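The values are calculated or read from the model by the stated rules, or taken from the named source; none is laboratory data. Keep in mind that what you see is a predicted model, and the values were worked out from it rather than measured. Because the Cβ atoms are built from the backbone with ideal geometry, glycine has one as well, and the counts that use them run over all protein chains shown. These area figures cover heavy atoms from the full protein model, side chains too; ligands, DNA and RNA do not enter into them. Shrake-Rupley method; radii C 1.70, N 1.55, O 1.52, S 1.80 Å.
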Amino acid sequence: MISVSFPAVLKPDVNGDGFVVNFPDLPEALTDGRDLDDALSEAADCLQEALAGRMVRKEDIPVPSKPKRGQHLVQVALYLAPKLALYLAMRERGINHRELARRLGSSETAVRQMLNPKHDTRPETLQAALQALEKRVLVAVEDAA
(Lines give C-alpha, C1' and ligand atoms only; values in the text may rest on other atoms or scores of the structure.)
Protein backbone atom coordinates (compact mmCIF):
# COMPACT_ATOMS: atom_id res chain seq x y z
CA MET A 1 0.00 0.00 0.00
CA ILE A 2 1.32 3.45 -0.84
CA SER A 3 0.91 6.53 1.26
CA VAL A 4 -0.55 9.48 -0.57
CA SER A 5 0.49 12.19 1.90
CA PHE A 6 3.84 13.91 2.29
CA PRO A 7 5.00 15.88 5.33
CA ALA A 8 5.60 19.58 4.82
CA VAL A 9 7.52 22.04 6.97
CA LEU A 10 6.01 25.50 7.35
CA LYS A 11 8.27 28.20 8.73
CA PRO A 12 7.51 31.89 9.20
CA ASP A 13 8.91 34.01 6.41
CA VAL A 14 11.99 36.05 7.40
CA ASN A 15 9.95 39.24 6.98
CA GLY A 16 7.08 37.83 9.01
CA ASP A 17 4.80 38.21 5.97
CA GLY A 18 3.64 34.60 5.80
CA PHE A 19 5.11 31.13 5.60
CA VAL A 20 7.74 29.33 3.56
CA VAL A 21 6.93 25.69 2.80
CA ASN A 22 9.25 22.85 1.93
CA PHE A 23 8.93 19.07 1.69
CA PRO A 24 11.80 17.12 3.29
CA ASP A 25 11.25 14.20 0.88
CA LEU A 26 11.11 16.40 -2.23
CA PRO A 27 13.84 19.05 -2.06
CA GLU A 28 12.70 20.69 -5.30
CA ALA A 29 9.24 21.39 -3.82
CA LEU A 30 9.36 24.89 -2.30
CA THR A 31 6.58 27.43 -2.03
CA ASP A 32 5.11 30.05 0.28
CA GLY A 33 1.86 31.58 1.36
CA ARG A 34 0.50 34.78 2.90
CA ASP A 35 -0.99 32.95 5.89
CA LEU A 36 -1.36 29.36 7.12
CA ASP A 37 -4.35 28.52 4.90
CA ASP A 38 -2.74 30.05 1.83
CA ALA A 39 0.56 28.29 2.56
CA LEU A 40 -1.18 24.90 2.85
CA SER A 41 -3.11 25.52 -0.37
CA GLU A 42 0.11 26.47 -2.17
CA ALA A 43 1.81 23.41 -0.63
CA ALA A 44 -0.84 21.14 -2.14
CA ASP A 45 -0.29 22.64 -5.61
CA CYS A 46 3.47 22.47 -5.17
CA LEU A 47 3.33 18.80 -4.16
CA GLN A 48 1.30 17.85 -7.25
CA GLU A 49 3.73 19.67 -9.54
CA ALA A 50 6.80 18.12 -7.91
CA LEU A 51 5.39 14.60 -8.21
CA ALA A 52 4.10 15.18 -11.75
CA GLY A 53 7.51 16.50 -12.76
CA ARG A 54 9.24 13.42 -11.39
CA MET A 55 6.79 11.18 -13.23
CA VAL A 56 7.31 13.01 -16.54
CA ARG A 57 11.10 12.87 -16.12
CA LYS A 58 10.85 9.18 -15.11
CA GLU A 59 12.58 9.85 -11.78
CA ASP A 60 12.25 8.03 -8.49
CA ILE A 61 9.41 8.94 -6.17
CA PRO A 62 10.51 8.73 -2.54
CA VAL A 63 8.48 6.92 0.08
CA PRO A 64 6.96 9.66 2.25
CA SER A 65 8.70 9.97 5.60
CA LYS A 66 6.75 9.85 8.83
CA PRO A 67 5.68 13.34 9.85
CA LYS A 68 7.59 14.88 12.71
CA ARG A 69 6.13 17.12 15.34
CA GLY A 70 5.02 20.40 13.83
CA GLN A 71 4.95 19.11 10.24
CA HIS A 72 1.75 19.15 8.19
CA LEU A 73 0.65 16.21 6.04
CA VAL A 74 -0.21 17.30 2.51
CA GLN A 75 -2.23 14.83 0.46
CA VAL A 76 -1.60 13.92 -3.13
CA ALA A 77 -4.57 15.18 -5.16
CA LEU A 78 -7.28 12.67 -6.00
CA TYR A 79 -6.68 13.12 -9.74
CA LEU A 80 -2.98 12.28 -9.38
CA ALA A 81 -3.00 9.51 -6.74
CA PRO A 82 -4.02 6.61 -9.05
CA LYS A 83 -1.60 7.76 -11.76
CA LEU A 84 1.15 7.88 -9.15
CA ALA A 85 0.18 4.40 -7.97
CA LEU A 86 0.36 3.10 -11.54
CA TYR A 87 3.73 4.77 -12.10
CA LEU A 88 5.11 3.23 -8.91
CA ALA A 89 3.64 -0.21 -9.66
CA MET A 90 5.20 -0.24 -13.13
CA ARG A 91 8.60 0.68 -11.70
CA GLU A 92 8.26 -1.88 -8.90
CA ARG A 93 7.44 -4.65 -11.37
CA GLY A 94 9.90 -3.53 -14.05
CA ILE A 95 7.06 -3.19 -16.57
CA ASN A 96 7.44 -0.78 -19.49
CA HIS A 97 4.72 0.93 -21.55
CA ARG A 98 4.77 -1.75 -24.23
CA GLU A 99 4.29 -4.62 -21.76
CA LEU A 100 1.46 -2.91 -19.91
CA ALA A 101 -0.23 -2.11 -23.23
CA ARG A 102 0.07 -5.79 -24.20
CA ARG A 103 -1.48 -6.89 -20.89
CA LEU A 104 -4.34 -4.45 -21.34
CA GLY A 105 -4.89 -5.16 -25.03
CA SER A 106 -4.27 -1.47 -25.58
CA SER A 107 -1.72 0.83 -27.19
CA GLU A 108 1.45 2.35 -25.82
CA THR A 109 -0.11 5.75 -26.48
CA ALA A 110 -2.99 4.86 -24.17
CA VAL A 111 -0.52 3.84 -21.44
CA ARG A 112 1.44 7.08 -21.87
CA GLN A 113 -1.83 9.01 -21.48
CA MET A 114 -2.64 7.09 -18.29
CA LEU A 115 0.69 8.20 -16.84
CA ASN A 116 0.41 11.78 -18.07
CA PRO A 117 -0.48 13.85 -14.98
CA LYS A 118 -2.32 16.40 -17.15
CA HIS A 119 -4.40 13.86 -19.11
CA ASP A 120 -7.95 13.29 -17.89
CA THR A 121 -7.95 9.51 -17.56
CA ARG A 122 -11.08 7.65 -16.50
CA PRO A 123 -10.73 6.07 -13.05
CA GLU A 124 -11.91 2.71 -14.42
CA THR A 125 -9.06 2.73 -16.93
CA LEU A 126 -6.50 3.34 -14.19
CA GLN A 127 -8.10 0.68 -12.02
CA ALA A 128 -7.85 -1.86 -14.86
CA ALA A 129 -4.20 -0.97 -15.42
CA LEU A 130 -3.43 -1.39 -11.73
CA GLN A 131 -5.23 -4.74 -11.70
CA ALA A 132 -3.09 -5.86 -14.63
CA LEU A 133 -0.12 -5.23 -12.31
CA GLU A 134 -1.75 -7.18 -9.47
CA LYS A 135 -2.67 -4.05 -7.56
CA ARG A 136 -6.05 -2.90 -6.35
CA VAL A 137 -7.45 0.50 -5.52
CA LEU A 138 -8.83 1.13 -2.05
CA VAL A 139 -10.61 4.31 -1.09
CA ALA A 140 -10.85 5.46 2.51
CA VAL A 141 -12.62 8.45 3.95
CA GLU A 142 -11.67 9.67 7.41
CA ASP A 143 -12.77 12.44 9.68
CA ALA A 144 -10.64 15.54 9.20
CA ALA A 145 -8.24 16.20 12.03
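Values as computed for the structure displayed
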| quantity | calculated |
| --- | --- |
| Boolean, Lys58 is open to solvent by 50 Å² or more (accessible area, probe 1.4 Å), under 30 Å from Ala132 (Cβ atoms) and either charged (D, E, K, R) or in a helix (DSSP H, G or I) (or both) | yes |
| Single unsatisfied condition, Arg98 versus (1) part of a helix (DSSP H, G or I); (2) out of contact with any strand residue (DSSP E or B) (no Cβ under 6 Å at 6 or more places or on another chain); (3) open to solvent by 50 Å² or more (accessible area, probe 1.4 Å); (4) within 27 Å of Ala140 (Cβ to Cβ) | (4) |
| Positions within the stretch 45-55 being surrounded by 17 or more Cβ atoms within 10 Å (Cβ to Cβ) and farther than 10 Å from Glu28 by Cβ, in sequence order | Leu47, Gln48, Leu51, Ala52, Met55 |
| Verdict on Ser106 being outside any helix (DSSP H, G or I) and either open to solvent by less than 40 Å² (accessible area, probe 1.4 Å) or polar (S, T, N, Q) (or both) | yes |
| Residues being over 13 Å from the mean Cα position of the chain (by Cα) and either outside any helix (DSSP H, G or I) or not aliphatic (A, V, I, L, M) (or both) - total across the stretch 74-95 | 5 |
| Within the stretch 14-27, tally of residues that are within 15 Å of Val74 (Cβ to Cβ) and either in contact with an Asp or Glu (Cβ under 9 Å, 6 or more places away or on another chain) or modelled with pLDDT under 95 (or both) | 3 |
| Near pairs, Cβ below 7 angstrom, 6+ apart or cross-chain, from the stretch 31-45 (under 15 Å from Val76 (Cβ atoms)) to any residue that is among the hydroxyl-bearing types (Ser, Thr, Tyr) | Ala43/Thr31 |
